[in-house]
1. Please report the net charge: other residues with Cβ closer than 11 Å to the Cβ of residue 75, K and R +1, D and E -1.
2. Tell me, in nm to one decimal, what length is gained between residue 84 and residue 60 on full extension, where the rule is 0.36 nm per residue of separation less the Cα-Cα distance?
3. Divide the volume of the convex hull of the Cα atoms of segment 40-93 by its number of residues and quote the answer in cubic angstrom per residue.
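Coordinate-derived values only; no laboratory data. Everything numeric here is computed off the predicted structure, so don't read it as measured data. Cβ placement follows ideal geometry from the backbone for every residue including glycine, while neighbour counts extend to all protein chains displayed.
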Amino acid sequence: MNKAISLLLPLLLCVSCIAYHPVQNVSVLSPEGEPIPTLVGRASATTWLWLWTTGDASVEKAQENGGIKEVSSISRTTNSFLGFIVREDTIVRGN
């Protein structure tokens, strides 16, 4: 029984590394009377084993994907699986 616990303990500690981590939330509030942002643009990129990256998670790419001319808010999140596979997502809202 002790051997089983000693083998599972490192696994349980590693599972705690799998998490959802918001990296940056930037909100630009519009003055009173401005319309509420209706368009949403998304962009993402994935990095594999710190060696190569696929995709483009830039604000400009998310803005282009959503057809947004005026940006109201930007949200960026990063998800990681033990640091080996890292996915970055950018969400842009605006008009």
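1. Details: positive: 42, 76, 93; negative: 89.
So the environment of residue 75 carries a net charge of +2.
2. Details: separation 24, 0.36 × 24 = 8.64 nm, distance 2.62 nm.
Net length gain for the segment: 6.0 nm.
3. Numbers: hull volume 2.8 nm³, N = 54.
Enclosed volume per residue, from the Cα hull, is 52 Å³.
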